[in-house]
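Below is one structure; the comments refer to it alone.
Just so you know, all these numbers are worked out from the coordinates, no wet-lab data involved. All values reported here derive from a predicted model rather than from experimental measurement. Positions of Cβ are backbone-derived with ideal geometry, glycine not excepted, and every protein chain shown enters the neighbour counts.
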Amino acid sequence: LLAMVDSSIGGKTGVNGRRSKNAIGAFWQPAAVISDLATIETLPVPSYRDAFAEVVKYAVAMDRGLFDLLQRNGARLVERDTSMLERVVFRCVAAKALVVAKDERDRGPRAILNYGHTAGHALEAATGFRVSHGRAVAFGMRVAARIALALDLCNKRLVESQDSVLTAFGLPDRPPQADPRRVLAAIALDKKARRGKVAWVMPRRMGHAEIGHAVPGALVRRVVTRSLA
C-alpha cells in the first residue's frame, strides 16, 4: 500500500547510506505502474497501517478533501474496505503525479512531498533503520506541525487534527527510544539541505503546506527533544 500511494510514482530510485536515507539514487521512469488492490489483503497489520503515514502526508500538505475523507472513513479503511481504498489510492497517485509532472527532477515544487520526511528520515537513520518508514514519517509530521505552530505558521487545531488521524490509523505518538542528539545530527545531513541550511516543509492550513522554510536550530532541538521524551 505504501508503494501504491507513494514510492512507485515519480521515477525515483535510491539506496540508503550508512548515515542518511536515500543518499544515492537516480531518476528512471517505469513504462507503467500497476497497483492491484487485492494484494493489500496479504499485508500484515503493521505494514498496512504504516502506509497511512504517507496518505496523511498528502492530505495535510496537499488535499483537504482527502483529509476529510480520512476523518469520516477511518474505521472502513482500517478494515481494508476495497471501495474506500480505491478512492484513497487514486487521490494519492493523482496528487503525486501532478507534482512530479511539474518537477520530475526534484529541483523545486516536488519538495512538498518531503512533508514529515526531514525529521522522519533522520529518525530512521539515527536508529539504524530499525524504525519503520511509516512510524518515522508520522513522527516527522508531528515534529513539523509543532514547529509550524511555534512559528505561528499554523493553528493548534491543525496539529490536533493531524495527531488524531495518525492515532486512528495506529501510528503512535511515541517512537521507539532514540537519542535526540543522533536524530538532530541526522537532520543536519538531510539530502535537501543547501549550504548547511535545512529547508523544512511547513503546514499552513489543512491541505496546504509550504516548502523552503528555515527553522532556528534551537527550536528544532526543543521540539525534537520533547517529541522523543
**Study point:** Equivalent-ellipsoid semi-axes of the chain, from the Cα gyration tensor, Å, largest first
**Key:** 25, 20, 18
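Helix-only estimate, please: 222 nm mean residue ellipticity of the chain, summing -39500 (n - 2.57) across DSSP H runs of length 4 or more and dividing by its residues, to the nearest 500.
Details: 8 runs with 114 residues, N = 229.
That comes out to -16000 deg cm²/dmol.
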Practice item. Hand me the trypsin sites (Lys or Arg not before Pro) from region 1-99 located in a DSSP loop with no more than 14 other Cβ atoms within 10 Å, in residue order please. Key: ARG18, ARG19
Practice item. Would you kindly state the longest site-free stretch of the chain, with sites defined as GluC sites (Glu not before Pro) in a DSSP loop (not H, G, I, E, B) surrounded by at most 16 other Cβ atoms within 10 Å? Key: 105-229
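Please report VAL56, VAL215, VAL93 as a ranked list, fewest other C-beta atoms within 10 angstrom at the top and most at the bottom. Before the final figure, lay out each step's value.
Details: VAL56 25, VAL215 21, VAL93 18.
Result, fewest neighbours first: VAL93, VAL215, VAL56.
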Point to revise | Overall Cα dimensions of region 71-158, principal axis frame, Å, largest first | key: 37, 33, 32
Practice item. With unit charges on the beta carbon (Lys/Arg positive, Asp/Glu negative), name the residue among LEU189, LEU77, GLN162 whose Cα is farthest towards the positive pole of the charge dipole of the chain. Key: LEU189
Practice item. Would you order TRP28, TRP200 from fewest to most other beta-carbon atoms within 10 Å of each residue's own beta-carbon? Key: TRP28, TRP200
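Mean projection of the alpha-carbon convex hull of region 4-76 over all orientations, in nm²? Numbers along the way, then the final one.
On the way: hull surface 26.9 nm².
Projected over every direction and averaged, the Cα hull of region 4-76 covers 6.7 nm².
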